[in-house]
1. For segment 398-423, which residues satisfy the criterion of being among the charged types (D, E, K, R) and more than 13 Å from L363 (Cβ to Cβ)?
2. Name the one entry in L613, L608 that is hydrophobic (A, V, I, L, M, F, W, C) and open to solvent by 60 Å² or more (accessible area, probe 1.4 Å).
3. Within segment 369-385, which residues are at pLDDT 90 or above and among the aliphatic types (A, V, I, L, M)?
4. For residues in segment 141-197 being aromatic (F, W, Y) and at pLDDT 95 or above, which is nearest to V34 (Cα to Cα)?
5. Just to check your reading of the model, which residue among Y285, Y260 is touching a strand residue (DSSP E or B) at 6+ places or on another chain (Cβ under 7 Å) and at pLDDT 90 or above?
6. Pairs only if they're at least six apart or on different chains, beta carbon under 6 angstrom, first in segment 460-486 and in the same structural domain as E430 (by TED's automatic domain parsing), second open to solvent by 20 Å² or more (accessible area, probe 1.4 Å) and in a loop (DSSP other than H, G, I, E, B); list them, first residue then second.
7. Could you figure out which of (1) open to solvent by less than 20 Å² (accessible area, probe 1.4 Å); (2) more than 22 Å from I316 (Cβ to Cβ) isn't true of Q211?
Amino acid sequence: MQEKGNISIHTENIFPIIKKFLYSDNEIFLRELVSNAVDASQKIKRLASLGEYNGELGELQVEVSFDKEKRTITISDRGLGMTAEEIKKYINQVAFSGATEFVEKFKDAKDANEIIGKFGLGFYSAFMVADKVEINSLSYKEGAVSARWICDGSTEFELMEGDRATRGTDIILHVNADSDEFLEETKLRGILNKYCQFLPVPIKFGTRTEQEPDGEDEEGKAKFKEITVDDIINNTTPIWTKSPTELTDEDYLRFYRELYPFSEEPLFWIHLNVDYPFNLTGVLYFPKVKNDFEMQRNKIKLFSRQVFITDEVKDIVPEFLMLLHGVIDSPDIPLNVSRSFLQADGNVKKINSYITRKVADKLSELFKTDRASYQAKWGDIGLFVKYGMITEDKFYDKAKDFVLLENVKNEYFTLPEYQEKTKHLQTDKEGTLVYLYSNDAGKQDSFIRTAEKRSYDVLLMNSPIDTHFIAQLEQKLEKTTLKRVDADVVDNLIAKDEKIESILSEDQSKAVKELFEKAINKSTMNVEMAALAPDEFPVTVTMDEFMRRMKDMSRNGGGGMMSFYGNLPDSYKVSVNSNHKLIQRILQSTDENNQQRLARQAFDLALLSQGMLTGADLTDFVTRSVDLID
Ligand code: ADP
Ligand code: MG
């Protein structure tokens, strides 16, 4: 039996295109061939379970081997095999008709996945690395004879009797001159680890020797013998294929270590499991988050029936959950996904909102069942929750019940709890509730204490996304505004009806103001007289909340009005407390030099308390202080 013929595609050009234009992704040939072998193994198993195959199943494993001398890579399976007729049907009649259109359309294509997927060319990806491919197969069917197919990358093939004696298929690639790298053990192992780590059928790659205990020698020392073991590279039953009820915490942690060998333990995890309206399983882990966001992105692996597809899950996982780790497996996502496919696919959108919902449910459950441990993890979880609330309205609506606000005393409150806590004292005369916050409790300590003297509460908002979170809260919460504690003197932060009278006359006030302006002598410092409580600081330096936000945003790349504000010089308000006794002392002094010196000293103290006093100003301050002590 010998036959020659033409593969029925309508152009001679397809193989050069596969080889040449898809070069960048050529390692996926191994994924395609190994997954075909796995499919074949699973099919024979199914046939056996249906009673359509009654022979020995044997050990269903796929073997990948290579021979550097002969320049071959062989993928062998014990699957259902193919008869010559089946080879003609499944391999020769390449599953697409518009070959000419294909060549036109994809001659500049960069994404091999797209082409291979679209035109069902899985098997033909072998020609990306081989200039000759052989199939040697024996079908499970009774009385089948072995069939061999050889193709040299043209549209001609040869079909003859093969010599495979046991059921299954060998695919033998004769590696081309440009693809030497695929004849290296480490390269092949690397590709197998990437794509085949969790395939459902054991994948054997080479053999290795191990030392096995072998009794004791005459002196009673342990003896060892060398044994050869098959090197199975994959875990055929990764935990996402199991039911959560059969798994312990240690199983989840062990799997995490398998995925990310050098990572810290995750905080908690979510086991995903749906079969309607789409199929999806997986485990998502919440890692401990450091501030190096970018580095940790792209840690979620996407699988389709345990075949690794990609770790670019941008469209499947909501943006704000990109920092999660773990795996997602969905047979509804075809093996050969491409960017454009993912964006357009309806299932993908559903998967996206399913994951959002699952994550919200999990957080809500943790919060409700064990608030103490939820709070303890807030430092890490908070980032996701806040980011999610900022970017997805749907998530905001769920998270508003379990997002926590932390104050400078490290106490935690939900939004309703915090409103309850502050509404009596922190509502201003317009009826607006003012939440005070600090982004640096150390630097803003004097302001925090002043606020606390009034029994006001101060939140801690020091994570990188808090600026956005604050804006979001203001937008969502009714009649509520947030002000940084150092945005103004405390009486102005939360303006009340009761007013403290100034003990200075108008003329005296004017004199003090001029005196300070002269002593400070900086155009960015705007002196104002303020009638504050006598026990508050004599001088307070603040930057307006709005101005500071605009400047912050412009620093972070905001355009428009923000960059306008960003370009303005920093501008501060210097509030001089007309009711402080130091101010009266300055006023009473008859020595103008002494007046200037005291005014400057009071101003410098205000700067000092906020870490704003540096350089020559700081040196002058120290010198002046020494003089004053004398
Ligand atoms: P797909 O896997 O998407 O069907 P491929 O081009 O990868 O497309 O394979 C084409 C067909 O060839 C398969 O559907 C299968 O019928 C057959 N085939 C390929 N490899 C094997 C194998 N190792 N054993 C049995 N049949 C195979
Ligand atoms: Mg295939």
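The values are calculated or read from the model by the stated rules, or taken from the named source; none is laboratory data. Treat the numbers as computed from the prediction; the structure is a model and nothing was measured. We place every Cβ from the backbone using ideal geometry, glycine too, and count neighbours over all the protein chains shown. Ligands, DNA and RNA are excluded from the accessible area calculation, which covers all protein heavy atoms including side chains. Shrake-Rupley method; radii C 1.70, N 1.55, O 1.52, S 1.80 Å.
1. E406, K409, E411, E417, E420, K421, K423
2. L608
3. Listed by number, the residues that qualify are A372, A376, V385.
4. Only one residue fits best here, namely F182.
5. Unique residue meeting the criteria: Y285.
6. L460/V408; M461/N439; N462/N439; K479/T432; T481/T432
7. Only one criterion is unmet by Q211, namely (1).
Residues checked against (1) in a strand (DSSP E or B); (2) within 14 Å of ligand 1 (Cβ to nearest atom); (3) in contact with a Cys (Cβ under 7 Å, 6 or more places away or on another chain):
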site	(1), (2), (3)
V133	yes, yes, yes
R148	yes, yes, no
K194	no, no, no
G215	yes, no, no
K225	yes, no, no
